[in-house]
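Novice: The structure's right below; bear with me while I get my questions together.
Each value in this text was obtained by applying a stated rule to the coordinates, not by laboratory testing. The structure presented is a predicted model; accordingly, all values stated were derived computationally and were not measured. Here the Cβ positions follow ideal geometry from the backbone for every residue, glycine too, while neighbour counts run over all protein chains shown.
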Amino acid sequence: MVSNRTDETHASLGASELLDFAGDNVRLAGQIDYPASKRPPEGYPLIFVIPHATSTSRADFDHIAALGNDAGAAVFRWDKRGTGKSGSSANGTSDMDVVKAYESAIVLPSINPEKMIVFAQNEGSLILEEFYKHILKLRRPLGVILAGNMLDEESILTINVPVHIVASKNDWNAWQTYAEAAADAHAAKYRFNASFYVATNTNRLLMYTSGNTFHKGAESSIKHWLKETCRIS
């Protein structure tokens, strides 16, 4: 459980709240970033970040916090075990930490648990597939964003909510398989209109190769999907 959350009517505009919560036999440190808009009566929509394998700090997702806040959603992110201000432990796993973090996020008094959006980055998409049943038992997400998706046409079918895939044209995982074909397979299996976007001139983290900036087209595609599919704006 989150140990230092504030009162149940948290309504700070554009603020960040530091969090300390239990992972899988380890203490984890993170934060929730709020948009500069008044807290809705039912709470803010929340984007829950599952980090990629090489993430060394929650600061790696500053751009997602800014993107989500601009779209009207709060954003939950944390330092993985052994990085940033999180603890280290030989017991438990970083993958199971994701489930524990999600469990902490859905009970935050400032958010609307009916509007949980999972943002899984690169290897985070593999963790999401493996632990999706655990997440469903806690709270079914409203939708899933797969950035640098690593789930193929079969694996993506584990996720039974609306999905939006953002892929780099320069990733070694071919976008034709992990964006186009994966989205087509998901759309054929479920009633949701799965969508995808392919970013040019980016690395696999969807940052421009000419600078450490998130791809503008990828950002726009996510905002559009949040508005049209998840009714978040």
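Novice: Using a Förster distance of 22 Å, how high is the FRET efficiency between Glu114 and Leu136, based on the Cβ-Cβ distance and rounded to 0.05? Walk me through the numbers before you get to the answer.
Specialist: Numbers: r = 14 Å, r/R0 = 0.65.
Using R0 = 22 Å, I get an efficiency of 0.95.
Novice: Tell me, Asp70, Asp33 in order of fewest to most beta-carbon neighbours within 10 Å?
Specialist: Working: Asp70 13, Asp33 22.
Ascending Cβ contact count within 10 Å gives the list Asp70, Asp33.
Novice: Using a 10 Å cut-off around each Cβ, can you sort Arg27, Arg140 from fewest to most neighbouring Cβ atoms? Can you show the working numbers first?
Specialist: On the way: Arg27 15, Arg140 12.
Starting with the residue having the fewest Cβ neighbours, the order is Arg140, Arg27.
Novice: Now for a separate question. Applying the Karplus parametrisation 6.51 cos²θ - 1.76 cosθ + 1.60 with θ = phi - 60° to the phi angles of the stretch 223-230, what ³J(HN,Hα) value in whole Hz is obtained for each residue in order, glycine and proline being reported as x?
Specialist: 4, 4, 5, 4, 6, 7, 8, 9
Novice: Amide H to amide H under 5 Å from Ile111: which residues, 5+ apart in sequence or cross-chain, H placed 1.01 Å off N in plane?
Specialist: Tyr44
Novice: Among [x] 19.1, 63; [y] 16.5, 47; [z] 17.6, 53, find the value of Rg and Dmax of the Cα atoms in Å that was calculated from the structure presented, and write down its label.
Specialist: It is the value labelled [y].
Novice: Would you work out the relative contact order for the stretch 1-139, in percent, from Cα pairs under 8 angstrom that are 6 or more residues apart?
Specialist: 31 percent
Novice: With θ taken as phi - 60° and the coefficients 6.51, -1.76 and 1.60, list the Karplus ³J(HN,Hα) couplings across the stretch 102-108 in order, rounded to whole Hz; mark glycine and proline as x.
Specialist: 5, 4, 6, 5, 6, 9, 4
Novice: By a straight-distance test (C-alpha under 20 Å), which lysines pair with Lys133 as possible cross-link partners, with residues fewer than eight away in the same chain excluded?
Specialist: Lys100, Lys115, Lys189
Novice: Can you classify the stretch 183-233 as rounded, prolate or oblate using the Cα gyration tensor, where a ≥ b ≥ c are the square roots of its eigenvalues, rounded means a/c under 1.5, and otherwise it's prolate if a/b beats b/c and oblate if not? Let's see the in-between values first.
Specialist: On the way: a/c = 4.18, a/b = 1.69, b/c = 2.48.
Taking the square roots of the gyration eigenvalues as a ≥ b ≥ c, the stretch 183-233 is oblate.
Novice: Using each residue's phi in the stretch 153-164, evaluate 6.51 cos²θ - 1.76 cosθ + 1.60 at θ = phi - 60° and report the 3J(HN,Hα) Karplus result to the nearest Hz, with x for Gly and Pro.
Specialist: 4, 8, 5, 5, 5, 4, 8, 10, 10, x, 10, 10
Novice: Just to verify a number: FRET efficiency for Ser233 and Thr93, C-beta to C-beta distance, R0 = 25 Å, to 0.05?
Specialist: Working: r = 37 Å, r/R0 = 1.47.
Step by step, r from the Cβ atoms, then E = 0.10.
Novice: Also: Run through the stretch 86-190 and list the GluC sites (Glu not before Pro) located in a DSSP loop whose Cβ has at most 11 other Cβ atoms within 10 Å. Display every interim value, and only then the final one.
Specialist: Details: sites: Glu103, Glu114, Glu123, Glu129, Glu130, Glu153, Glu154, Glu180; in loops: Glu153, Glu154.
Taking the stretch 86-190 and a limit of 11 other Cβ atoms within 10 Å, the loop GluC sites (Glu not before Pro) found are Glu154.
Novice: For a quick check: sort Leu206, Leu157 by the number of other beta carbons within 10 angstrom, fewest at the front.
Specialist: Details: Leu206 25, Leu157 16.
With the fewest neighbours first, Leu206, Leu157 line up as Leu157, Leu206.
Novice: To the nearest 500 deg cm²/dmol, what mean residue ellipticity at 222 nm is calculated for the chain from DSSP H runs of n ≥ 4 alone, each contributing -39,500 (n - 2.57), summed and divided by the residues? Write out the running numbers ahead of the final one.
Specialist: Details: 5 runs with 58 residues, N = 233.
One gets -7500 deg cm²/dmol as the mean residue ellipticity at 222 nm.
Novice: Moving on. At 0.36 nm per residue, and after removing the present C-alpha to C-alpha distance, how many nm does the segment from Val107 to Asp70 gain when stretched out fully?
Specialist: Numbers: separation 37, 0.36 × 37 = 13.32 nm, distance 2.28 nm.
That works out to 11.0 nm of additional length.
Novice: Considering only Tyr190, Tyr102, Tyr132, give the residue with the highest GNM mean-square fluctuation for the chain, with springs between Cα atoms whenever their separation is below 10 Å.
Specialist: Highest fluctuation among the options: Tyr190.
Novice: Test of understanding: in a Gaussian network model of the chain with alpha carbons linked when under 10 Å, which of Pro40, Pro113, Pro51 would top the mean-square fluctuation ranking?
Specialist: Fluctuation is largest for Pro40.
Novice: Would you please classify the overall shape of the stretch 77-117 from the alpha carbon gyration tensor, given that a ≥ b ≥ c denote the square roots of the eigenvalues, rounded means a/c under 1.5, and beyond that prolate means a/b larger than b/c while oblate covers the rest? Write out the running numbers ahead of the final one.
Specialist: Numbers: a/c = 3.05, a/b = 2.14, b/c = 1.42.
Judged from the Cα gyration tensor, the stretch 77-117 comes out prolate (a/c at least 1.5, a/b above b/c).
Novice: Now a separate question. Sequence neighbours fewer than 8 away in the same chain don't count; with that in mind, list the lysines whose C-alpha is under 22 Å from Lys216.
Specialist: Partners found: Lys169, Lys227.
Novice: Suppose the chain between Asn212 and Glu42 were pulled fully straight at 0.36 nm per residue; how much longer would it get relative to their current alpha carbon spacing?
Specialist: The span from Asn212 to Glu42 would gain 57.6 nm if fully extended.
Novice: Considering only DSSP states other than H, G, I, E and B, which trypsin sites (Lys or Arg not before Pro) in the stretch 91-161 qualify as loop sites with at most 16 other Cβ atoms within 10 Å?
Specialist: Working: sites: Lys100, Lys115, Lys133, Lys137, Arg139; in loops: Arg139.
Here the sparse-neighbourhood loop sites are Arg139.
Novice: With a ≥ b ≥ c taken as the square roots of the eigenvalues of the C-alpha gyration tensor of the stretch 79-168, please select rounded if a/c is under 1.5 and otherwise prolate if a/b is larger than b/c or oblate if it is not? Walk me through the numbers before you get to the answer.
Specialist: Details: a/c = 1.75, a/b = 1.22, b/c = 1.44.
In terms of gyration-tensor shape, oblate.
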